[in-house]
Amino acid sequence: MVARRGWLTETDLRDALAFTKPLPGSTVVQVVAFLGWRLGGWPGALISSLAFIFPAAVMMTAAAAIAAVLPDAPWIAGALAGVQIAVIGLLGSAMWKLARSEAAGWLLNSVLGAAFVAGFFINAALIVVGAGLGGMAAERWNSRSD
Amino acid sequence: MIELIVRFLIVGALAFGGGQAALPLLERLTVGETGWLTPRDFATGVGLAYATPGPVLVLASFVGYRVAGVAGAAGATLAVFAVPIALAALAAQITSRLATSTSFRTFGKFAGAAAVGLLGVTLVTLARPIGRVNPLLLALSATVFIAAQRRVPPVGLLAVAALLGAVVGWIS
């Protein structure tokens, strides 16, 4: 849209990335919503992001419907097991990359490790919120002792 | 249905670090804590989410459908994206005091690191049933891990894995 139509500028795109990255949520969708807002306010943000999600959501719903009625044949069970084995590798790779981009330094790495252990016992949402609040407290403590 | 929507609103609101970082939250809140999906169902959904274009979090459509049909799919998908979209639009509107606030950034940084740690729990949840069948199968996961690190596209890896699995299932 920047190159073809001139609706948006490079700066808009840079802003969109910079301002949505720290926010929770799918960054791609948020970039679309951010730019949608710049083009047409709240309706623009809503319409552009829904239009962006809609095709993928329809595809996934259809896929879920198909997956739900798959017959109980051994080759299908095999294929699904294959997918599960591959997904473990893919998520492992995602975790590796995220650990390098999201957890720089020993402090964040220990948060990562602690969350991994706590995750087996405690509600996941509580862990994420707790880590965030703990981080804020640690930073306040740090700036006070300076 | 209300519980489904509330849980997905929470996943969306806590998805610090982006869509992939929210996968463990989604797994914990829909597999680990409720048993709505089996680990295998969840893995199938993640596989499909990787294989289809669009954001990974459309996995919500898959989970929502499993729990409450088409209405569930629509509800879960809207819920998981509602907070992120609203925040992004708000960020555009007020040139984001929130995103530039130091304490909010700190919150996000630590919350994101915790989410990545939770991804480890999700991996264990998915790997346990496979390891019970045959621990050697996890060596294949390691192969996929290495291939993904070398930027082999996920779709290709998933297709090969599904095909191999189907062949093995057919023979045995």
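The values are calculated or read from the model by the stated rules, or taken from the named source; none is laboratory data. Since the structure is predicted, the reported quantities are computational estimates derived from the model, not experimental observations. Neighbour counts run over all protein chains shown; Cβ positions are idealised from the backbone, glycine included.
Applying a threshold of 6 Å to beta carbon distances and a minimum spacing of six or more residues, or different chains, the list of pairs starting in the range B:82-95 at a residue that is closer than 19 Å to A:Ile53 by Cα and ending at one that is β-branched (Val, Ile, Thr) reads B:Ala88/A:Thr20. In the range A:109-146, the qualifying residues are those that are closer than 13 Å to B:Ala113 by Cα and in contact with a Phe, Trp or Tyr (Cβ under 8 Å, 6 or more places away or on another chain), and the one that is surrounded by the most Cβ atoms within 10 Å (Cβ to Cβ) is A:Val128.
Determine if the range B:78-93 includes at least one residue that is in a helix (DSSP H, G or I), farther than 28 Å from A:Ala56 by Cβ and modelled with pLDDT under 90. Looking through the range B:78-93, none of the residues is in a helix (DSSP H, G or I), farther than 28 Å from A:Ala56 by Cβ and modelled with pLDDT under 90. Just give me the residues in the range B:126-146 being surrounded by fewer than 21 Cβ atoms within 10 Å (Cβ to Cβ), polar (S, T, N, Q) and modelled with pLDDT of 90 or more, in sequence order. Passing the criteria: only B:Thr143. Identify, please: which residue in the range A:11-67 is of a type in the set (Ser, Thr, Tyr) and facing chain B (nearest Cβ under 7 Å) and is, among those, surrounded by the fewest Cβ atoms within 10 Å (Cβ to Cβ)? Going through the qualifying residues, I end up with A:Thr27.
Being in a helix (DSSP H, G or I) and modelled with pLDDT under 90 is true of A:Arg14. Evaluate the range A:54-64: report whether one residue or more is over 19 Å from the mean Cα position of the chain (by Cα), free of Cβ contacts under 8 Å to residues at least 12 places away in the same chain and not in a helix (DSSP H, G or I). No, every residue in the range A:54-64 fails to be over 19 Å from the mean Cα position of the chain (by Cα), free of Cβ contacts under 8 Å to residues at least 12 places away in the same chain and not in a helix (DSSP H, G or I). State yes or no: is B:Val160 in a helix (DSSP H, G or I), surrounded by fewer than 21 Cβ atoms within 10 Å (Cβ to Cβ) and of a type outside the set (Lys, Arg)? Answer is yes for this residue. If we keep just the residues of the range B:1-32 that are at pLDDT below 85 and assigned to a loop (DSSP other than H, G, I, E, B), which is nearest to the chain's Cα centre (by Cα)? Only one residue fits best here, namely B:Gly18. Return yes or no: is A:Leu90 under 16 Å from B:Gln20 (Cβ atoms) and either within 7 Å of chain B (Cβ to nearest Cβ) or surrounded by fewer than 17 Cβ atoms within 10 Å (Cβ to Cβ) (or both)? Yes; evaluated as a whole, the condition is true for this residue.
Got a number for residues in the range B:38-61 being outside any helix (DSSP H, G or I) and in contact with a Ser or Thr (Cβ under 9 Å, 6 or more places away or on another chain)? So the count comes out to 1.
Is there a residue being within 18 Å of the chain's Cα centre (by Cα) and either among the basic types (Lys, Arg) or modelled with pLDDT under 90 (or both) anywhere in the range A:75-97? The answer is yes, given that some residue of the range A:75-97 is within 18 Å of the chain's Cα centre (by Cα) and either among the basic types (Lys, Arg) or modelled with pLDDT under 90 (or both).
Just checking, does the range B:127-136 include any residue being under 29 Å from A:Trp106 (Cβ atoms) and either more than 8 Å from every other protein chain (Cβ to nearest Cβ) or among the hydroxyl-bearing types (Ser, Thr, Tyr) (or both)?
no
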